[in-house]
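Read through the structure below, which is laid out as structure tokens, and then see the notes.
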Amino acid sequence: MKRLLIIWVGLLLALPSIAQKKTPQRLARRDPATGQIKYYLLGSVPTNTYSVPGGKTQYQRDASSGLLNLIVEENGIVIPAGTVPPLEKPQPPTGTNPLLSSRFTYNSNQQLSIEGAPAPGQPVELKFEPVTGSLPQIRSNLGQNLTPGTYYPSGPLQNQGEYTQEWSLYNMPQVPIRITWRRISDGVTHSYVFGPVTATKQLLFTRSSGNDPPPTGGATFVRVVFQGNSITKHPNTPPGQEGSQGFTIGEGNAWGMAATTQANDYVHKLVALMRQSSPDVQYLASGNGSFWEQQYQSGYNYSQITNEVNTAFGGLPPTHIYISISENVDAGQFNEAAFRSGLDQLIAAHNPAPTTRIYLRNSFWNGKENVNAVLQNYATQKGYGFVDLSDIREGSAYTAQNDWQQASPGVKRHPGNNGMTAIANKSWAVINNSGSGGNPGPGPGPSPGNGEFISYADQGWSGADYKTLNNGLVTVKIRRSVGGCVCHLSSNSDGRGLVNDYLVDLGGGRGIGSDKGRQMQVGSDYFTPGVQYQIGGDNTGWHGFDTGANTVQGGSQAPFFNESTVLASSTFTHRSGGQGLYVKVRPKIWGANDKDGNIILEQWIWLEPGKPILGYFARHTVLERDNSQTTWQSREQENPCIYTIPRLRNHKVSLAGNPFSGAGATNWSNYQGYFTPTVRTTEHWVGGYDVAGSGIGLTLYQPQNSSFKAGLFNFGDLNAGEFGNDAGYINGAPLVNYDSPGVYEDYGYVIVGTESQARSHIYNDLPRPDYSFDFDFTKDNVKWWNFDAKFRKENGKWRFYVGDAKTDNNVTSFIGKISAPYRSYKASEITQLEITFIGQGFSALNLNWEKPGPENSNGYTKTISVTPTGSQQTIVISTSHPDWNGMLSTIGIGATNGSTSNGAYMDLIRIRKL
């Protein structure tokens, strides 16, 4: 097992397609002597039940009584539940599996890992399908929504003997699923049915082991070091002592400052989590890191750490090391070279083995930006795990202000019980997903919950305004002076820029530069109020066209032309192998003079290898702000907006009733002023193509959004190039409620080529839209949007104010509604909806839905009776209705007049199709 050297800096390795390495267990394997496939039973068992003497006998009793349940069907041969192991079935009589041997892991988090051993040089693809009915949304480890019936390539698998390919599927339901492999070279397929079961642990029994195998699962923890400062361990300091006074925990006691008990500090919370899988884990919590923070530049005695670790573990190396430092590093005297060298020596002093997992974190205190950047960059380069505390840093809800009211300010600045819990949770998300057996290695990789898209330390801009990518087919440039926006995208065949980067006189002696609202902006984010937004003594209604509370990646409008602040930029490598650029930006309010908005925008862009495709991923972190003007409503977004050269004004979308079938596209150039009406599509793309010649253009494809808009800015020169005032326009136009603080993410692709070329790439190379309908509101609002009623988080729950009244022309009514994100939903697959909620004050709800087409043109309603109980309840709604058919763009619920009272509400927990 590995040593736990906890240094808070993290990175996980991203594998291509839908794979990420997990600890495997074998279910089927080819016999090298005969070429036959042998099948073994994988059982679901409670923790440690079968790892004691006599465990195998007990396992056999439980298996034969039906307590364990696994079905594997190969060409008609079924291994039923209740069969006494060791269970071995020969190759089915219909012939040898011609494709591969495989092994599987299915755990209690509904993750299924499949490893394959195809013939050398003969890779295979995988698809899954329900045996009957439909499946909930299944995802890859990178957060990609996976479509049943679609073949997916594997990710590579290293150092696993004959096993060279892997797929990782998440949210796998407890129903039989047919899995099919297809050999890429000749299309030969092989299928079977796999029926996973719920389990807290899983064991694999082979026919010849004779011993009880160890339990499988996530990481195994044996010897763990938590190395840090006072946040990790601090002794009793009652009033009257020097230093931080008022941490009164009793003479002889020591734990993390400023938890109120030992059990409440982050170390002991993490140890409790580790003991769920590793009850005998040993750990060391050390505060020696505080001395290292102050002495890393010279004179630190590393032997004291080595001696401490050797004493704790009897000279054995730690399996995990967690380094929790930064708060006591003097930012004003910071020496990066000495700091990096010191980190090398600090880690080496812990006596790590080659298999030791190492983690670092950044600071809980403000003012350590230079230290944090080096820590993250160091972890990325070394391949260590990294824990990001930026969103809780010195937040009033996380410090010890209320836990130690009589203590000195120095104590109160430390994390209190809430802060310790947040640190532990963030750390566990990294530690538990990193497994065992050494660090992933250098380079970018996935961060928990966000796929491979991690934040990078600033590499600087080298004084140049441009950064460029080129994959041999297309060239893309981003510009620092417009917040890292894409300002140039061209085909290498002719070099013609297709993105509009309007150049203007910036005024004030600044010369000629980019307008701050053109280019390709992944974040033009809209909040409330929609007009007359007051901020810092300014008002968006004072400066021409009023967009209200609106942050723009590029900067602010004329005549200000303020540049949004670029906080960090870096190169990275996408999991596809494509080269990418990362930018972190603090956008400006568009209609005000030099005012930062309450959002941090992060952008990752990359070029797909061998394809004329620009991919992007955007993270919008909405911060707390003054809510005196907030109405908690959704607004239509520009996520992203792309200003094109004006020749790309042949705008098209797909409204096909049978999407992805190649049906003809619909022209969408009915401009009303500068813009077309917003349109809900079925194939999730909008394109702008050259009106003459080759028809080359740009197509925006968003698997998670089906709402778009097009536009044309015609000022007299429709043949203008990329730097003129005339421009075409396409955007993603989802409705999002950015009034609520939190993290919002979206992604998509921009394809260079004709409409037919773009659709070919969408059909064959890119992920399909998410057709599932299952929304869990326990963590966030899952991008549900609202009109005419508030929808916000209160007391840990997302509350829909059904009883918000609206008055128009002296008529008061209850018409508020909330609705699912605009996507494509198949009506035939949604016959019943299950809603789990807590509510009161109403006796009926409207079931609302829209169909594809122009906004506000295809809406339908069905009224349903509801009896709220004031406590958690679940209702099931039949969707039967004459107009419930074809493709649906959104589905929601809303208030009804005559059955709703003021103060009525719903605290949403889950809405899903059955």
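Condition check ((1) at pLDDT 75 or above; (2) surrounded by 19 or more Cβ atoms within 10 Å (Cβ to Cβ); (3) within 30 Å of L914 (Cβ to Cβ)) across all residues:
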site: V193; (1), (2), (3): no, no, yes
site: S208; (1), (2), (3): no, no, no
site: D212; (1), (2), (3): no, yes, no
site: I231; (1), (2), (3): yes, yes, no
site: P235; (1), (2), (3): yes, no, no
Report task. Inspect the stretch 676-697 for any residue being β-branched (V, I, T) and surrounded by fewer than 20 Cβ atoms within 10 Å (Cβ to Cβ) and give the result as yes or no. Result -> yes
Query raised in the report: Among the helices (runs of 4 or more DSSP H) contained in the stretch 253-357, which hold 2 or more residues that are over 22 Å from L389 (Cα atoms) and of a type in the set (A, V, I, L, M, F, W, C)?
Result: 303-313, 336-348
Query raised in the report: Taking the stated definitions as given, is P446 in a loop (DSSP other than H, G, I, E, B), at pLDDT below 75, touching a Ser or Thr at 6+ places or on another chain (Cβ under 8 Å) and not aromatic (F, W, Y)?
Result: no
**Report entry** Residues satisfying the stated conditions in the stretch 545-576, i.e. more than 16 Å from N598 (Cα to Cα), of a type in the set (A, V, I, L, M, F, W, C) and not in a loop (DSSP other than H, G, I, E, B)
**Finding:** A568, F572
Query raised in the report: So which residues in the stretch 775-788 are crowded, with 16+ Cβ neighbours inside 10 Å and either closer than 16 Å to F837 by Cβ or touching a helix residue (DSSP H, G or I) at 6+ places or on another chain (Cβ under 8 Å) (or both), if there are any at all?
Result: F775, F777, N781, V782, W784, N786
Query raised in the report: Within the stretch 290-307, can one find any residue that is under 27 Å from M420 (Cα atoms), in contact with a Phe, Trp or Tyr (Cβ under 7 Å, 6 or more places away or on another chain) and surrounded by 20 or more Cβ atoms within 10 Å (Cβ to Cβ)?
Result: yes
Report summary line: Restricted to the stretch 888-908 and to residues being at pLDDT 95 or above and of a type in the set (A, V, I, L, M, F, W, C), the residue surrounded by the fewest Cβ atoms within 10 Å (Cβ to Cβ) is I891
Report summary line: Exactly one of V531, V583 is among the β-branched types (V, I, T) and without any contact (Cβ under 8 Å) to a residue 24 or more places away in the chain, and that one is V531
Query raised in the report: Based on what the data block shows, is Y266 without any contact (Cβ under 8 Å) to a residue 60 or more places away in the chain and in contact with a helix residue (DSSP H, G or I) (Cβ under 8 Å, 6 or more places away or on another chain)?
Result: no
Requested in this report: Kindly provide the set of residues from the stretch 789-835 that are crowded, with 16+ Cβ neighbours inside 10 Å, hydroxyl-bearing (S, T, Y) and more than 30 Å from F660 (Cβ to Cβ), ordered by number.
Outcome: Y801
Query raised in the report: Hey, does the stretch 713-733 have a residue that's hydroxyl-bearing (S, T, Y), part of a loop (DSSP other than H, G, I, E, B) and buried (at least 19 other Cβ atoms within 10 Å of the Cβ)?
Result: no
Report task. Return the only residue of P148, P153 being under 19 Å from R912 (Cα atoms) and modelled with pLDDT of 75 or more. Result -> P148
Report task. Select from the stretch 162-191 the residues that are among the acidic types (D, E) and surrounded by fewer than 20 Cβ atoms within 10 Å (Cβ to Cβ) and write down the one among them that is modelled with the lowest pLDDT. Result -> E162
**Report entry** Complete set of residues in the stretch 452-471 that are out of contact with any His (no Cβ under 8 Å at 6 or more places or on another chain), closer than 13 Å to W606 by Cα and either modelled with pLDDT under 80 or part of a loop (DSSP other than H, G, I, E, B) (or both)
**Finding:** F453, N471
Report summary line: Residues of the stretch 397-418 being part of a loop (DSSP other than H, G, I, E, B) and either more than 33 Å from the chain's Cα centre (by Cα) or crowded, with 22+ Cβ neighbours inside 10 Å (or both), in sequence order, are Y398, A400, W404, Q405, Q406, A407, S408, H414, G416
Query raised in the report: Which members of the stretch 795-840 meet the condition of being of a type in the set (D, E, K, R) and without any contact (Cβ under 8 Å) to a residue 12 or more places away in the chain?
Result: D808
Requested in this report: Please give the number of the condition I231 fails out of (1) outside the structural domain of V430 (by TED's automatic domain parsing); (2) in contact with a helix residue (DSSP H, G or I) (Cβ under 7 Å, 6 or more places away or on another chain).
Outcome: (2)
Report summary line: Going through (1) within 28 Å of L273 (Cβ to Cβ); (2) among the small types (G, A, S); (3) modelled with pLDDT under 85; (4) over 33 Å from the mean Cα position of the chain (by Cα) one by one, G246 fails only at (1)
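The values are calculated or read from the model by the stated rules, or taken from the named source; none is laboratory data. Keep in mind the model is a prediction, meaning the values are calculated, not measured. Note that we place each Cβ from the backbone using ideal geometry, even for glycine, and neighbour counts take in every protein chain shown.
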